[in-house]
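> Take a look at the following structure, please.
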Amino acid sequence: MKTSQSGVKTKKGNLILDNHKLSYHYERFEKWVAGEKVAPISVDMALTRSCGAMCSFCYAMVQEPQERTAIKTHHALNLLDDFADIGVKGVSLISDGESTLSPAYVPFIEHAANVGIDVGNATNAWDWKPEKIDRVLPNLKWVRFTVAAGTPSRYAEIMYKSSENTKVFDNAISNIKYAVDLKKKLNLDVTLGIQMVLMPEFKDEIIPFAKLGVDLGVDYAVIKHCSDDTEGTLGVDYSKYAALNDLLIEAESLSNNNTKVIVKWSKIEEGSDCSYTAMYGPQFLLQISGSGLVAPSGMFFNAKYSKLHIGNFTEERFIDIFNSERYSRSMRYLCSERFNAKTMMGSLPIQHYLNAAIDNHIKDIKKIKNKESDIKPLHVNFL
């Protein structure tokens, strides 16, 4: 049976990975519908553009060229203060760089806890050593490890361009195991998961990946699609995903009480097409590059989208960027008839679920319901 978009029941609560959580922030959504300017609920960002991996599925590869401004620790801490002032609730360290490599990484997570902002972290775990894990894990809501394959040689081939350099796999798995053990030892509330970005040619690793997740004892192992740009630079053949259904269903069947194997079915089945033309999602889920660039979505980090480059928080305070007419103008443009998401950006952005849901709401196809009084799912502040 396929995983439902409504979420997966875990020991800690309902885990929603294949849908949005805007219903639980309905008051802010309602204000936006009424024409008010609202702050994003969640921000996806990186603290650096640097990354030691060379993943063949990496969308950051098509987000160049842009200037690589260094984010210093004081920039990062000021950013959190501004987030707190305007009402941002959750920050995901994900985006276009490996944030664990930044000197600001540990101070950022510790300061976020002090100002009341939830933080989650996506990482390859290569530089996520025990001394860092000890300091940050108690302050994180979730950690998602990028694990491209379940076998060492294929992992190294996909993430490091060399099937022989399996030390990168061994290093990552060692650090993941340390985090799993520390969570148990300290009885931490953090959710730990591994993620496979599936390209059809990686199909031989679907079952080994799922088995690895179960063996590691992480809370979940998720398999998702691979995004691509308008030129198809990464070469994703979306027509080939359908043939993987039986393998993906088999993978989900490996779930047990401790580890849930989850497939993001909606995006895999939808392919590169989308039902919407307007880009509503960035109003509530903003993305910021590891260069400090503030743009509505990672789809627009590349220099060819410079008219949507709103500012850089290493050069001016984020609160001033947010309050600027540049910010408002960019958001209005993406929601206007002048913008067409089908032809003017890459496939399946991180705001995809929000875009589709808000589009359906506006068109009276399916209304977004107010669930603010309902039992909250896990990680409610990460849309």
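> Return the only residue of Asn381, Asn323, Asn355, Asn340 being touching a residue at least 40 places away in the same chain (Cβ under 8 Å), more than 30 Å from Asp189 (Cβ to Cβ) and surrounded by fewer than 22 Cβ atoms within 10 Å (Cβ to Cβ).
After ruling out the rest, the residue left standing is Asn340.
> Identify, from the list Ile350, Ile375, Ile365, the residue that is crowded, with 17+ Cβ neighbours inside 10 Å and β-branched (Val, Ile, Thr).
Ile350
> Among the residues of region 326-342, is any part of a loop (DSSP other than H, G, I, E, B), under 20 Å from Asp118 (Cα atoms) and not aliphatic (A, V, I, L, M)?
So far as region 326-342 goes, no, none of its residues is part of a loop (DSSP other than H, G, I, E, B), under 20 Å from Asp118 (Cα atoms) and not aliphatic (A, V, I, L, M).
> So Asp127 clears everything in (1) more than 14 Å from the chain's Cα centre (by Cα); (2) closer than 24 Å to Leu285 by Cα; (3) crowded, with 16+ Cβ neighbours inside 10 Å except one condition, right? Which one?
Among (1) more than 14 Å from the chain's Cα centre (by Cα); (2) closer than 24 Å to Leu285 by Cα; (3) crowded, with 16+ Cβ neighbours inside 10 Å, the lone unmet condition for Asp127 is (2).
Conditions (1) among the polar types (S, T, N, Q); (2) without any contact (Cβ under 8 Å) to a residue 24 or more places away in the chain; (3) under 25 Å from His352 (Cα atoms), marked per residue:
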position: Met196; (1), (2), (3): no, no, yes
position: Glu205; (1), (2), (3): no, no, no
position: Leu212; (1), (2), (3): no, no, no
position: Gly217; (1), (2), (3): no, no, no
position: Val222; (1), (2), (3): no, no, yes
position: Cys226; (1), (2), (3): no, no, yes
position: Thr233; (1), (2), (3): yes, no, yes
position: Ser239; (1), (2), (3): yes, no, yes
position: Glu250; (1), (2), (3): no, no, no
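> Go through region 1-15 and count every residue that is more than 13 Å from Asn256 (Cβ to Cβ) and crowded, with 18+ Cβ neighbours inside 10 Å.
3
> So if I check each of Met196, Met159, which one is assigned to a helix (DSSP H, G or I) and either closer than 20 Å to Lys132 by Cβ or in contact with a helix residue (DSSP H, G or I) (Cβ under 9 Å, 6 or more places away or on another chain) (or both)?
Met159
> Here are Asn187, Asn171, Asn175: which of them is at pLDDT 95 or above and either buried (at least 21 other Cβ atoms within 10 Å of the Cβ) or under 22 Å from the mean Cα position of the chain (by Cα) (or both)?
Of the residues listed, the single one that is at pLDDT 95 or above and either buried (at least 21 other Cβ atoms within 10 Å of the Cβ) or under 22 Å from the mean Cα position of the chain (by Cα) (or both) is Asn175.
> Restricting to region 189-240, name every residue that is under 29 Å from Ala341 (Cβ atoms) and among the acidic types (Asp, Glu).
Matches in region 189-240: Glu201, Asp228, Asp229, Glu231, Asp237.
> Considering Ser42, Ser23, which residue is surrounded by fewer than 19 Cβ atoms within 10 Å (Cβ to Cβ), within 21 Å of the chain's Cα centre (by Cα) and at pLDDT 95 or above?
Going through Ser42, Ser23 in turn, just one is surrounded by fewer than 19 Cβ atoms within 10 Å (Cβ to Cβ), within 21 Å of the chain's Cα centre (by Cα) and at pLDDT 95 or above: Ser23.
> Could you give every pair whose Cβ atoms fall below 6 Å, whose first residue belongs to region 18-38 and is within 18 Å of His352 (Cα to Cα), and whose second residue is buried (at least 16 other Cβ atoms within 10 Å of the Cβ) and of a type in the set (Gly, Ala, Ser), counting only separations of at least 6 or pairs across chains?
These pairs meet every condition: Asp18/Ser266; His20/Ala357.
> Take Ile206 and decide whether it is out of contact with any Leu (no Cβ under 9 Å at 6 or more places or on another chain) and either part of a strand (DSSP E or B) or closer than 28 Å to Ser266 by Cα (or both).
It is false that Ile206 is out of contact with any Leu (no Cβ under 9 Å at 6 or more places or on another chain) and either part of a strand (DSSP E or B) or closer than 28 Å to Ser266 by Cα (or both).
> Would you check if there is a residue in region 265-282 being buried (at least 23 other Cβ atoms within 10 Å of the Cβ), under 30 Å from Gly13 (Cβ atoms) and in contact with a Pro (Cβ under 9 Å, 6 or more places away or on another chain)?
yes
> Among the residues of region 236-249, are any closer than 28 Å to Tyr178 by Cβ and touching an Asp or Glu at 6+ places or on another chain (Cβ under 7 Å)?
The answer is no, given that none of the residues of region 236-249 is closer than 28 Å to Tyr178 by Cβ and touching an Asp or Glu at 6+ places or on another chain (Cβ under 7 Å).
> In region 246-281, how many are assigned to a helix (DSSP H, G or I), at pLDDT 95 or above and more than 25 Å from Thr191 (Cβ to Cβ)?
Total satisfying the criteria: 2.
> Can you name every residue in region 52-87 that is in a loop (DSSP other than H, G, I, E, B), at pLDDT 90 or above and either aliphatic (A, V, I, L, M) or farther than 30 Å from Ile362 by Cα (or both)?
Answer for region 52-87, where residues must be in a loop (DSSP other than H, G, I, E, B), at pLDDT 90 or above and either aliphatic (A, V, I, L, M) or farther than 30 Å from Ile362 by Cα (or both): Ile71, Lys72.
The values are calculated or read from the model by the stated rules, or taken from the named source; none is laboratory data. Just so we're clear, the structure is a prediction, and the values are computed from it rather than from any experiment. All Cβ positions, glycine included, derive from the backbone under ideal geometry; neighbour counts span all protein chains shown.
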